[in-house]
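Heads up, the thing below is written out as structure tokens.
The values are calculated or read from the model by the stated rules, or taken from the named source; none is laboratory data. Quick caveat: nothing in here was measured; it's all calculated off a predicted structure. Positions of Cβ are backbone-derived with ideal geometry, glycine not excepted, and every protein chain shown enters the neighbour counts.
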Amino acid sequence: MTVKQAAAERRRTGGYPARRTRDAPERAPEILTRLLAAYPDAHCALEHRDAFELLCATILSAQCTDARVNIVTPVLFERYSTPEALARAKPSEVEAIIQSTGFFRNKTRSLIGMAQALVADHGGQVPRTMEELLSLPGVGRKTANVVLGNAFGNNAGITVDTHVARLSRLLGLTRHSDPIRIEQDLMPIFPRDHWTLLSHLLIFHGRRICIARRPRCEECVLSDLCPSSRV
Ligand code: SF4
């Protein structure tokens, strides 16, 4: 299915394309070029000074806004500035600090468990491989991608959060909902050296223009490339 056929199908059905369009590999480079031009300042919104802080912030960001995480983390890092300090933390004290991020008991378990694993197995350092990161409590592929890409400059994969997942479907780049399957669809059609930045670009676009439930297609630089465009 081409982008034009997908647009016709959307008009017919009143819905969004349910599958990846056949010309996704051809459209992907132009999508990237336009997003790069539109958001030259795209970057990781989670404030951090090193890999340990980014790992903690990313664990806290599950089901929570980056803005809320950025309010909580300065307090957390003031109290627990190293993996060793966090590994020894009393759960009730961590819970009190991070409560506003939601799911705070699970997140506290993940944070302390992760810090204990860093101390016990990695000399107090954040490991630099996907396999080692995935072995840490509370760390899934999304978190590992964020840390590898933004703290270590390693484009090991593409971070698929709610914005990236939603925009990838709207743009006809995937038909999947599962983040792993979406990542597998995106990786072959975007250059590897842009994988980390691609996530930031899609997140910026999802926050500013392609807003959930009210996408501003008339202002969108991708409207002629997007099978879900309303213009
Ligand atoms: S704003 Fe509209 S045209 Fe732009 S990516 Fe979203 S759905 Fe497509």
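Failed condition for Leu171, given (1) crowded, with 24+ Cβ neighbours inside 10 Å; (2) farther than 17 Å from Asp23 by Cα; (3) in contact with a Lys or Arg (Cβ under 8 Å, 6 or more places away or on another chain), with all others met?
Only one criterion is unmet by Leu171, namely (2).
Just checking, how many residues over the stretch 205-224 are more than 7 Å from the ligand (Cβ to nearest atom), in a helix (DSSP H, G or I) and surrounded by fewer than 20 Cβ atoms within 10 Å (Cβ to Cβ)?
5
Is it the case that the stretch 128-142 has a residue that's among the hydroxyl-bearing types (Ser, Thr, Tyr), within 14 Å of the chain's Cα centre (by Cα) and away from the ligand (no atom under 16 Å from the Cβ)?
So far as the stretch 128-142 goes, no, none of its residues is among the hydroxyl-bearing types (Ser, Thr, Tyr), within 14 Å of the chain's Cα centre (by Cα) and away from the ligand (no atom under 16 Å from the Cβ).
So if I check each of Asp185, Asp224, Asp178, Asp161, which one is closer than 20 Å to Asn145 by Cα, without any contact (Cβ under 8 Å) to a residue 40 or more places away in the chain and of a type outside the set (Phe, Trp, Tyr)?
Asp178 is the lone residue from the list that is closer than 20 Å to Asn145 by Cα, without any contact (Cβ under 8 Å) to a residue 40 or more places away in the chain and of a type outside the set (Phe, Trp, Tyr).
Are any residues in the stretch 21-37 more than 11 Å from Ile189 (Cβ to Cβ) and assigned to a helix (DSSP H, G or I), and if so, which ones?
Glu30, Thr33, Arg34, Leu35, Leu36, Ala37
Residues of the stretch 56-73 being buried (at least 22 other Cβ atoms within 10 Å of the Cβ) and hydrophobic (A, V, I, L, M, F, W, C), which ones?
Within the stretch 56-73, Cys56, Ala57, Ile59, Leu60, Val69 qualify.
Output the number of the condition that Ile189 fails; it satisfies all remaining conditions of (1) under 22 Å from Asp66 (Cβ atoms); (2) surrounded by fewer than 19 Cβ atoms within 10 Å (Cβ to Cβ).
Condition not satisfied by Ile189: (1).
In this structure, does Glu53 turn out to be surrounded by fewer than 16 Cβ atoms within 10 Å (Cβ to Cβ) and in a helix (DSSP H, G or I)?
Here the answer is no, as Glu53 does not meet what is asked.
Considering Asn145, Asn155, which residue is away from the ligand (no atom under 16 Å from the Cβ) and either buried (at least 20 other Cβ atoms within 10 Å of the Cβ) or of a type in the set (Ser, Thr, Tyr) (or both)?
Unique residue meeting the criteria: Asn145.
Tell me the residue from Val147, Val164 that is assigned to a helix (DSSP H, G or I) and either assigned by TED's automatic domain parsing to the domain that holds Leu86 or at pLDDT below 95 (or both), please.
Just a single option satisfies the conditions, and that option is Val147.
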